[in-house]
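Data first, discussion second: the structure below is written as structure tokens.
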Amino acid sequence: MKKKIVVAAAAVVLLVLFASSVVITAENEYSLVRQFGRISRVIDEAGLSVKIPFIQTTDTYPKETLLYNLTPSEVITKDKKTMITDSYVLWRISDPMKFAQTLNGSVMNAESRINTAVYNAMKNAISSMNQDQVITSRDGELSELVMERIDAGMDQYGIELLMFETKQLDLPEDNKAAVYERMISERDNIAATYTAEGNSEAQVIRNTTDKEVAISISEAKKQAEILEAEGEAEYMRILSEAYNTPEKTEFYSFVRSLDALRESMTGEDKTVILSADSPIAQIFEGYDE
């Protein structure tokens, strides 16, 4: 019995020693091995590790991305208007040793530091913009500005801030309606200005176009008159060449006289009274001879 008891006790001691000497590190955590309270080493790979039992102890810290919701608070814009902000940040432990040394490995202490840093950056960012600018920057511009203004000293705590987002950015209920009405009025004024500028530019374009059309029409008329004059000159030249002999000239006069007679004999009355010296009368007198 004594031997069995001794064997059982030895087995228990060995089991305790084994359990005290094994460090199990999960995929989503860091393991810090301490010896007499001082950090001996950091284990950031998942798996089993060994430590000195009873002399070394182990602390674990989260390795995954953490979410922290800031308390809704009031901020003042550049034009002295009050706004209510409700936001959150994503963060992670980037250096577990610094995190343990500066914040005692406390997530609560880390969130307190984050709250102060982010709130100050957000307050500074919003205080640099008018209320209208703050409202229109909720599509991501404000988040980028806050991230730029967050103090880089967060690195000294072994913390990395990954993202800042605003869940709600609104006006106090007592002046929300008045602010929206003022914004609508300002937008209407801007729209009216754009409309007036557009109409003015359209009028300038119309005037320019009308002037160009008038010039084109004038040039076309001028060119038509020139062509008409040139055609008449060519016509006269051809006639001159065609009737450049006395016989041709006499024939031309004969034909023109007949044309004139035909034009004058219109209607039912076919009687024509001619003077003796009329070219037409002379034609018929010559014919009678």
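Remarks
- Meets criteria (open to solvent by 70 Å² or more (accessible area, probe 1.4 Å), of a type in the set (Asp, Glu) and at pLDDT 70 or above) for Glu247: no
- Residue in the stretch 118-130 that is open to solvent by 50 Å² or more (accessible area, probe 1.4 Å), without any contact (Cβ under 8 Å) to a residue 24 or more places away in the chain and not basic (Lys, Arg) present: no
- Members of the stretch 16-41 found to be under 22 Å from Gly158 (Cα atoms), open to solvent by 60 Å² or more (accessible area, probe 1.4 Å) and part of a loop (DSSP other than H, G, I, E, B), listed by number: Glu27, Asn28
This table checks each residue for (1) under 23 Å from Asp170 (Cβ atoms); (2) touching a Cys at 6+ places or on another chain (Cβ under 9 Å); (3) assigned to a helix (DSSP H, G or I); (4) not aliphatic (A, V, I, L, M).
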residue	(1), (2), (3), (4)
Ala110	no, no, yes, no
Asn120	yes, no, yes, yes
Gln133	yes, no, yes, yes
Leu145	yes, no, yes, no
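Condition check ((1) of a type in the set (Ser, Thr, Tyr); (2) in contact with an Asp or Glu (Cβ under 9 Å, 6 or more places away or on another chain)) across all residues:
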{"position": "Ser31", "(1), (2)": "yes, yes"}
{"position": "Val75", "(1), (2)": "no, no"}
{"position": "Leu90", "(1), (2)": "no, yes"}
{"position": "Ile93", "(1), (2)": "no, yes"}
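- None of Met129, Met163 is within 26 Å of the chain's Cα centre (by Cα), at pLDDT 85 or above and either in a helix (DSSP H, G or I) or under 28 Å from Ile43 (Cα atoms) (or both) except Met163.
- Qualifying residues in the stretch 42-56 (those that are exposed (fewer than 15 other Cβ atoms within 10 Å of the Cβ) and free of Cβ contacts under 8 Å to residues at least 24 places away in the same chain) - the one farthest from Tyr88 (Cα to Cα): Ile55
- Selection status of Met183, part of a helix (DSSP H, G or I), touching an Asp or Glu at 6+ places or on another chain (Cβ under 7 Å) and modelled with pLDDT under 90: yes
- If you go through the stretch 134-149 and keep only what is closer than 17 Å to Ile114 by Cα and open to solvent by 20 Å² or more (accessible area, probe 1.4 Å), you end up with Glu144, Leu145, Met147, Glu148, Arg149.
The values are calculated or read from the model by the stated rules, or taken from the named source; none is laboratory data. Note that the structure is a prediction, hence the values are computed from the model and not measured. All Cβ positions, glycine included, derive from the backbone under ideal geometry; neighbour counts span all protein chains shown. Quick note on the areas: whole protein, heavy atoms, side chains included, nothing else; ligands and nucleic acids left out. Shrake-Rupley method; radii C 1.70, N 1.55, O 1.52, S 1.80 Å.
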